[in-house]
Amino acid sequence: MGRLQDKIAIITGGASGIGERLAMLFKDEGATVIAADINEDALKKVSEIEGIHGKKLDVTNEDDWANMLKEVKEEFGAIDILINNAGVSTEKQLHETDYAVWEFMLKINGFGTMMGMKHTLPYMKEAGKGAIVNLSSVTALVGMGLNTYTAAKGSVRAITKAAATEYGQFNVRINAVFPGVIQTPMTEGLESSSEQLQRINAMTPLQRLGKPEEVGNAILFLASDEASFITGAELAIDGGYSAL
Ligand SMILES: NC(=O)c1ccc[n+]([C@@H]2O[C@H](COP(=O)([O-])OP(=O)(O)OC[C@H]3O[C@@H](n4cnc5c(N)ncnc54)[C@H](O)[C@@H]3O)[C@@H](O)[C@H]2O)c1
């Protein structure tokens, strides 16, 4: 019996990095996985794996959300788990940030997460159960630059707590995770700069970057019934970076 046996789980940004690894972990624990992503080529690849169903979704588009959730309910009968994982980052400094960058960051990371919850919660409320995990970032816990990204991830932190307090009465649990620097396509550039890498490792008690499965295992726990009394929680998965 898997830890997510017979659950129907939607993972946004499920075609790359943390989301892709999570899709594999969830499938191995008995879930039917819907990997929802804007990148159609990457989706095709991940959909070749048995137990993972790719669906095209732009998290900033409300019609996409409404249509995809309707399809999932019709095809699979339920929506038990939502992981709001899709995200983008930028290293532009504050004085280089124009409106378009600000909007892009807030729209995908912040608005996308909110829209995911807005459209999924009615299904979970009706079912009287559900688990949502939102991907924030360690940048929302401690100052680390990355200004617009941080602002967006701070909004994810705040809305997670607010939603948890509103939807607990319907047996819907909503938690957030705060990864440190994890080895994925998002951080490829960083890994090629040994100076930056050394600096981050020196500021991380565990002295290394994280792996997608290390974030995935924590999310798996929060999404599973093992976390049945946990909602509104904030879990840093950062090698101790935010503890310093
Ligand atoms: N990698 C890290 O160091 C790190 C650290 C903290 C938080 N995070 C967060 O973890 C999450 C996953 O990051 P990752 O490192 O796996 O990144 P990634 O770039 O490997 O994957 C992100 C995925 O999101 C998808 N996506 C982007 N815009 C989308 C949209 N509008 N609609 C639907 N899908 C969209 C991309 O196509 C991609 O598949 C993100 O929310 C990120 O901010 C990552």
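Derivation of every value follows stated rules applied to the coordinates shown; laboratory data play no part. Quick caveat: nothing in here was measured; it's all calculated off a predicted structure. FYI the Cβ positions are ideal-geometry reconstructions off the backbone, even for glycines, and counts take in every protein chain you see.
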Query raised in the report: What's the long-distance tail for the range 102-244, i.e. % of Cα pairs beyond 21 Å?
Result: 45
Report task. Please name whichever of V101, I174, G216 sits farthest to the positive end of the charge dipole of the range 91-228, dipole taken about the Cα centre and charges placed at Cβ: Lys and Arg +1, Asp and Glu -1. Result -> I174
Query raised in the report: More than 18 Å apart: what percent of Cα pairs in the range 17-76 qualify?
Result: 33
**Report entry** Percentage relative contact order, the chain, counting C-alpha pairs under 8 Å, at least six apart
**Finding:** 19
Query - Rel. contact order, % - alpha carbon contacts under 8 angstrom, at least six apart, the range 152-244 - result: 41
Requested in this report: Can you pull a Stokes-Einstein diffusion coefficient for the range 164-244 at 37 °C (0.692 mPa s), Rh from Kirkwood over Cα pairs, as a whole number of µm²/s?
Outcome: 232
Report summary line: In debye to the nearest 20, the charge dipole size for the range 119-244, taken about the Cα centre with +1 at each Lys and Arg Cβ and -1 at each Asp and Glu Cβ, equals 260
Requested in this report: Once you have the Cα-Cα distance between K107 and E71, take 0.36 nm times their residue separation minus that, and quote the gain in nm to one decimal.
Outcome: 10.6 nm
Query - trypsin sites (Lys or Arg not before Pro) restricted to DSSP loop in the range 44-119 with at most 14 other C-beta within 10 Å - result: none
**Report entry** Gained length - D98 relative to Q198, 0.36 nm times residue gap less alpha-carbon distance
**Finding:** 33.0 nm
Report summary line: Taking S192, S224 and counting other beta carbon atoms within 10 angstrom, the fewest-first order is S192, S224
Query - Rg and Dmax [Cα atoms of the chain; Å; Rg one decimal, Dmax integer] - result: 17.1, 53
Query raised in the report: Arranged from highest to lowest average of other beta-carbon atoms within 10 Å per residue, in what order do the peptides 58-65, 193-200, 22-29, 234-241 appear?
Result: 22-29, 234-241, 58-65, 193-200
Report summary line: Using alpha carbon positions and the Kirkwood radius, the Rg to Rh ratio of the range 1-137 is 0.99
